[in-house]
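Q: Got a structure for you, questions after.
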Amino acid sequence: MGNSAKSISLMILVMVSIFFMGDYHLHGVKAEITCGEVTYWLFPCISYGVFGGTVDPACCTGVKTALAAAKTAEDIRKKCECVKEGAALIPGLNYTRVNEIPKLCGTTSPYQVTPDVDCSK
Ligand SMILES: *[C@@H]1O[C@H](CO)[C@@H](O)[C@H](O)[C@H]1NC(C)=O
């Protein structure tokens with residue numbers, strides 16, 4: 001991938017993150033997790049999902065935080081939808097690589113991320 005494609009992708013990532021930050025409650029008292037939080041936690045993973053290379057340790061921390069935060073079935077469903085919607089907005093995202101991340105971080109995810117994953121299950 002050329003440098004200009006890279007910078008366009010990064011620009012889009014920033015826009016996506018700003019979009020999702022909208023419902024990120026910094027001092028949140030809500031028990032349920034928000035898409036903003038999920039995006040914030042998984043943001044360091046995007047680079048690996050799009051460009052490959054090595055997984056950022058911050059990505060592993062984020063994945064584990066997100067897994068620990070999603071305790072109830074409702075949380076898991078919400079997180080799944082956030083990840084699915086967020087991933088769909090990222091051009092060039094390699095889902096094969098995305099699904100390698102939990103294993104590379106030494107953990108497991110309750111679902112696979114795909115463009116048409118059914119989050120209600
Ligand atoms: C996606 O990533 C996998 C694993 O790294 C790689 O084998 C595959 O070629 C990649 N696909 C694309 C379209 O880049």
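The values are calculated or read from the model by the stated rules, or taken from the named source; none is laboratory data. Quick caveat, the model's predicted, so the values are computed rather than measured. Backbone-built Cβ (ideal geometry, glycine too); neighbour counts: all protein chains shown.
Q: Restricting to region 61-71, give me the number of residues that are assigned to a helix (DSSP H, G or I) and either surrounded by fewer than 19 Cβ atoms within 10 Å (Cβ to Cβ) or within 16 Å of the ligand (Cβ to nearest atom) (or both).
A: Result for region 61-71: 6.
Q: Another question about this same structure. Tell me the residue from GLY92, GLY52 that is modelled with pLDDT under 95, of a type in the set (Gly, Ala, Ser) and either surrounded by 12 or more Cβ atoms within 10 Å (Cβ to Cβ) or within 16 Å of the ligand (Cβ to nearest atom) (or both), please.
A: After applying the criteria, what remains is GLY92.
Q: To continue, here is another question. Scan region 55-106 for residues that are in contact with a Cys (Cβ under 6 Å, 6 or more places away or on another chain) and of a type in the set (Asp, Glu) and report the count.
A: 1
Q: So, one more: Which residue out of ALA68, ALA58 is modelled with pLDDT under 95 and of a type outside the set (Val, Ile, Thr)?
A: Testing whether each residue is modelled with pLDDT under 95 and of a type outside the set (Val, Ile, Thr) leaves just ALA68.
Q: Turning to a different aspect of this structure: If you go through region 31-66 one residue at a time, how many are aliphatic (A, V, I, L, M) and under 13 Å from GLU100 (Cα atoms)?
A: The qualifying residues number 4.
Q: Within region 99-121, track down each residue that is surrounded by 12 or more Cβ atoms within 10 Å (Cβ to Cβ), at pLDDT below 95 and within 16 Å of the ligand (Cβ to nearest atom).
A: If the condition is that a residue be surrounded by 12 or more Cβ atoms within 10 Å (Cβ to Cβ), at pLDDT below 95 and within 16 Å of the ligand (Cβ to nearest atom), then VAL113, THR114 are the ones that fit.
Q: Determine if region 72-89 includes at least one residue that is of a type outside the set (Lys, Arg), assigned to a loop (DSSP other than H, G, I, E, B) and either closer than 20 Å to LEU10 by Cα or within 16 Å of the ligand (Cβ to nearest atom) (or both).
A: Among the residues of region 72-89, at least one is of a type outside the set (Lys, Arg), assigned to a loop (DSSP other than H, G, I, E, B) and either closer than 20 Å to LEU10 by Cα or within 16 Å of the ligand (Cβ to nearest atom) (or both), which makes the answer yes.
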